[in-house]
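K.L.:
Structure below; questions to follow.
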Amino acid sequence: PAPEPDESQYEPKVQDDDPADSPLEKPALLVPDFVAEQVRSGETVGRLIIPSINFPMPVIADATASNLNRSPAMMKSTHLPGSPGNSVISGHRMYEFGSHFNRIDEIEVGDPIFFHGNGKELLFQVEQITVVDPAEIWILMGDQRESRITLFACTPIRIATHRLVVFAVLKETKVIE
């Protein structure tokens, strides 16, 4: 039998020694690296708005441990929101009510999720919500035929044995000024 995967490699680090060694980036070999070419680590990519949980917050590039302490962050290996493929955003579930992705478990199928960036407002609609093991990196994969956004955070809060994942598909794009 094959050895059990080491799930600890997908847990966030306490220290941020070298961003290239971030365990959240291990799946980067699976898909093209579009974000790294366009936005530097820690820079704002856009603003995520989830009305159902009163969540307006900037999203930054590169989901390193230190970046995730500041704000939800895009996985370095995924597509920018609005382009074909999957834009994966990770966030901590903080101890303070309403902080970061603390209320992500209140999102429901059908809820709208907005992303503002590059002069556009993107409207995504939640299609599926699931809980996975940390080693299930398939959540990072996308489909070049549509634009998707995937949000994920550790669950249960304070225990963090699994990942709560919210999948949404692009429904509308508006130019904003």
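The values are calculated or read from the model by the stated rules, or taken from the named source; none is laboratory data. The structure presented is a predicted model; accordingly, all values stated were derived computationally and were not measured. Positions of Cβ are backbone-derived with ideal geometry, glycine not excepted, and every protein chain shown enters the neighbour counts. Note: accessible area is taken over every heavy atom of the protein model, side chains too, but ligands, DNA and RNA are not part of it. Shrake-Rupley method; radii C 1.70, N 1.55, O 1.52, S 1.80 Å.
Residues are listed down the side, and each one gets a yes or a no for (1) of a type outside the set (S, T, N, Q); (2) over 23 Å from Ala160 (Cβ atoms); (3) outside any strand (DSSP E or B):
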| site | (1), (2), (3) |
| --- | --- |
| Arg47 | yes, yes, no |
| Ser77 | no, no, yes |
| Pro81 | yes, yes, yes |
| Asp105 | yes, no, yes |
| Phe115 | yes, yes, no |
| Leu122 | yes, yes, no |
| Pro134 | yes, no, yes |
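K.L.:
Looking at (1) open to solvent by 40 Å² or more (accessible area, probe 1.4 Å); (2) at pLDDT 65 or above, can you tell me which one Ala2 breaks?
P.N.:
The one condition Ala2 does not meet is (2).
K.L.:
Can you tell me which condition Pro32 does not meet? The list is (1) at pLDDT 50 or above; (2) part of a loop (DSSP other than H, G, I, E, B), and all the others hold.
P.N.:
Evaluating Pro32 over (1) at pLDDT 50 or above; (2) part of a loop (DSSP other than H, G, I, E, B) leaves (1) as the failure.
K.L.:
Given the criterion out of contact with any helix residue (DSSP H, G or I) (no Cβ under 8 Å at 6 or more places or on another chain) and in contact (Cβ under 8 Å) with a residue 12 or more places away in the chain, identify the matching residue among Ser52, Ser90, Ser71, Ser77.
P.N.:
Of Ser52, Ser90, Ser71, Ser77, the one residue that is out of contact with any helix residue (DSSP H, G or I) (no Cβ under 8 Å at 6 or more places or on another chain) and in contact (Cβ under 8 Å) with a residue 12 or more places away in the chain is Ser71.
K.L.:
Do you know which residues across the range 82-101 are open to solvent by 20 Å² or more (accessible area, probe 1.4 Å) and on the phi < 0 side of the Ramachandran plot?
P.N.:
Residues satisfying the conditions are Ser83, Pro84, His92, Arg93, Met94, Tyr95, Glu96, Phe97, Ser99.
K.L.:
Here is a follow-up. So the check is Cβ under 6 Å with 6+ separation or different chains; which pairs have a first residue in the range 128-149 that's of a type in the set (Ser, Thr, Tyr) and a second one that's not in a loop (DSSP other than H, G, I, E, B)?
P.N.:
Thr130/Val165; Ser147/Leu170
Conditions (1) over 16 Å from the mean Cα position of the chain (by Cα); (2) modelled with pLDDT under 90; (3) assigned to a helix (DSSP H, G or I); (4) among the charged types (D, E, K, R), marked per residue:
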position: Val14; (1), (2), (3), (4): yes, yes, no, no
position: Pro27; (1), (2), (3), (4): no, yes, yes, no
position: Ala36; (1), (2), (3), (4): no, yes, yes, no
position: Gly42; (1), (2), (3), (4): no, yes, no, no
position: Ile60; (1), (2), (3), (4): no, no, no, no
position: Glu96; (1), (2), (3), (4): yes, yes, no, yes
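K.L.:
So in the range 140-177, with the set limited to residues that are over 16 Å from the mean Cα position of the chain (by Cα) and hydroxyl-bearing (Ser, Thr, Tyr), which one is surrounded by the fewest Cβ atoms within 10 Å (Cβ to Cβ)?
P.N.:
The selected residue is Thr161.
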